[in-house]
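Chemist: Please read through the structure below; I'll follow up with questions.
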Amino acid sequence: MQRRTHLCQQILQNCRNELYSYFPYLDGAFASVSYEADQQVQTMGTDGRFFYYNSLFLMKQYVQDASSIRRGYLHMLLHCLYLHIFTEKELDRRRWNLACDIAVEQIIEKEKLSGLRLPENPVREQVLRVLGDRSPAAQEIYGMLEKHAFCCEEEELEAAFLFDDHSLWDAVTEKEHRAGLRKKWEKVLSYTGRNKNVQSRRRGMRKGTDREDVDDIPKSRYDYRRFLKQFSVPREEVELDTESFDYVFYCYGMEHYGNMPLIEPLEYKEVNRLEELVIAIDTSSSCSREVVQQFLGETYEILSQRENFFRKMKVYIIQCDSFIQDVAIIHSEEEWKEYSKKITIQGRGGTDFCPVFQYIEEQKQTKEIKKLKALIYFTDGDGIYPQAKPDYEAAFVFLKKTDKMDLVPAWATKLLIS
């Protein structure tokens, strides 16, 4: 069962990645839902929080026609985005469900994408001809259904347009929670509208291949010690402990007994510092070269503060756009200084934060990472976030205040350094 669930999660993640390459401006929507297996569901469905799926249906359908699952994923996402799941109670529920299905399918069909094609269906084609070039809202289509504008029986229309289980739309029953969920999707819809206008230069989920040399790394004015201190652990360090002996006796011995101190300072001192840290740098196309260089400046500030780390440290510096582009493992301040002289910015593809989290999990499974307390991710916030909270603290760091900060999951920390 666990293997089947993992496979289904991979299928849905692949669908999301493929859709993101077509619709990068939907990043906020993609980041707003997680996946959950539910064998009580016959096919798939959503309540605005999760995409619920029947494992056997998902695997079988994906093998038979992967494009139908990709299209179904987008179908459900659009239901959430256009607030269809918040059903108006006074409407005929069955007719409203059908109107919503026709509305989102019309939107998908207008994109004319080969990766989302479905087999020809005369009923679908008839309805799409009636709608023409317009993309009417579900409320308008509902009115057309009342007037029998499509010259087809509703059973035929349902067979042609149905994909997901709409009974899940009422799964969130508490009024307060439902209102909060609606507000969240209204916010995502507003962000998506603005984002669509500026995404023409984005390259979606494609891996970037650009490489750029780094000029002088700028200095940071932000002090990370306060943030990092909460993740430090106590340990004895080989270090002169100037607080554990009496200076009076020490000086007396040096003066009267031939430079022989009466009390030697301890060679070990208990200190609270970090053992492991992961620093991720967003190198996607939405971050300019100057911005990435500023990210590197912030990284330099963290690693140059010697009191943050033990002498034997392990700091991962990861460059990532929609894929892991480069990983450097730093064990000392000297290694960092050497690495900083030859950094090359790699990426310029789309933006997905998930690969960094997946990489960390892989390193933990192989015991390469053992005691990680925190991940610091420098970004402009324009990408796909993981839904599940990891067992370490994750902080997304922004150079300036932006509305994309609202997309950061509730379980993560937001740091603003300007």
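Chemist: Could you check, for segment 315-333, whether at least one of its residues is open to solvent by less than 10 Å² (accessible area, probe 1.4 Å), in contact with a Phe, Trp or Tyr (Cβ under 7 Å, 6 or more places away or on another chain) and either touching a residue at least 60 places away in the same chain (Cβ under 8 Å) or over 28 Å from LYS229 (Cβ atoms) (or both)?
Modeler: No, segment 315-333 contains no residue that is open to solvent by less than 10 Å² (accessible area, probe 1.4 Å), in contact with a Phe, Trp or Tyr (Cβ under 7 Å, 6 or more places away or on another chain) and either touching a residue at least 60 places away in the same chain (Cβ under 8 Å) or over 28 Å from LYS229 (Cβ atoms) (or both).
Chemist: If you take the residues in segment 42-67 that are within 27 Å of GLU120 (Cα to Cα) and in contact (Cβ under 8 Å) with a residue 60 or more places away in the chain, which one is surrounded by the fewest Cβ atoms within 10 Å (Cβ to Cβ)? Show your work before the answer.
Modeler: We begin by selecting, within segment 42-67, every residue within 27 Å of GLU120 (Cα to Cα); these are 42-46, 51, 53-67.
From the residues that got through so far, the ones that are in contact (Cβ under 8 Å) with a residue 60 or more places away in the chain too are 42-46.
On the way: GLN42: 11, THR43: 15, MET44: 24, GLY45: 23, THR46: 24.
This residue is GLN42.
Chemist: Go through segment 1-36 and report how many residues are among the hydroxyl-bearing types (Ser, Thr, Tyr) and at pLDDT below 85. If you could, list the steps in order and put the result at the bottom.
Modeler: Initial filter on segment 1-36 (among the hydroxyl-bearing types (Ser, Thr, Tyr)): 5, 20-22, 25, 32, 34-35.
With the extra rule that they be at pLDDT below 85, the set shrinks to 20-22, 25.
Number of matching residues: 4.
Chemist: Quick check on TYR359: is it open to solvent by 10 Å² or more (accessible area, probe 1.4 Å) and either farther than 21 Å from SER286 by Cα or within 21 Å of the chain's Cα centre (by Cα) (or both)?
Modeler: yes
Chemist: From the list TRP185, TRP169, pick out the single residue that is aromatic (Phe, Trp, Tyr), over 21 Å from the mean Cα position of the chain (by Cα), at pLDDT 90 or above and surrounded by 15 or more Cβ atoms within 10 Å (Cβ to Cβ).
Modeler: TRP169
Chemist: Which of (1) modelled with pLDDT under 90; (2) open to solvent by less than 10 Å² (accessible area, probe 1.4 Å) is the odd one out, the single condition ALA394 does not satisfy?
Modeler: The number of the failed condition is (1).
Chemist: List pairs: first residue in segment 368-383 and closer than 20 Å to LEU407 by Cβ and of a type in the set (Val, Ile, Thr), second residue open to solvent by 10 Å² or more (accessible area, probe 1.4 Å) and outside any loop (DSSP other than H, G, I, E, B) anywhere in the structure, Cβ distance under 9 angstrom, at least six positions apart or on different chains.
Modeler: Here the result reads ILE376/PHE227; ILE376/LEU415; THR379/LYS404, each pair linking segment 368-383 to a residue that is open to solvent by 10 Å² or more (accessible area, probe 1.4 Å) and outside any loop (DSSP other than H, G, I, E, B).
Chemist: Say we look at segment 365-380 and pick out the residues that are of a type in the set (D, E, K, R) and under 23 Å from ILE302 (Cα atoms); which of these is surrounded by the most Cβ atoms within 10 Å (Cβ to Cβ)? Let's see the steps before the verdict.
Modeler: Our first condition is that a residue be of a type in the set (D, E, K, R); within segment 365-380, this holds for 367-368, 370-371, 373, 380.
So of that shortlist, the ones also under 23 Å from ILE302 (Cα atoms) come out as 368, 370-371, 373, 380.
Working: GLU368: 13, LYS370: 10, LYS371: 12, LYS373: 17, ASP380: 21.
Among those that are of a type in the set (D, E, K, R) and under 23 Å from ILE302 (Cα atoms), it is ASP380.
Chemist: Another question, if that's okay. Sort out which residues of segment 94-120 are open to solvent by 60 Å² or more (accessible area, probe 1.4 Å), in a helix (DSSP H, G or I) and in contact (Cβ under 8 Å) with a residue 24 or more places away in the chain, and write them in order of number.
Modeler: ARG94, LYS110, GLU111
The values are calculated or read from the model by the stated rules, or taken from the named source; none is laboratory data. Quick caveat: nothing in here was measured; it's all calculated off a predicted structure. Positions of Cβ are backbone-derived with ideal geometry, glycine not excepted, and every protein chain shown enters the neighbour counts. Heavy atoms of the whole protein, side chains included, go into the accessibility calculation; ligands, DNA and RNA do not. Shrake-Rupley method; radii C 1.70, N 1.55, O 1.52, S 1.80 Å.
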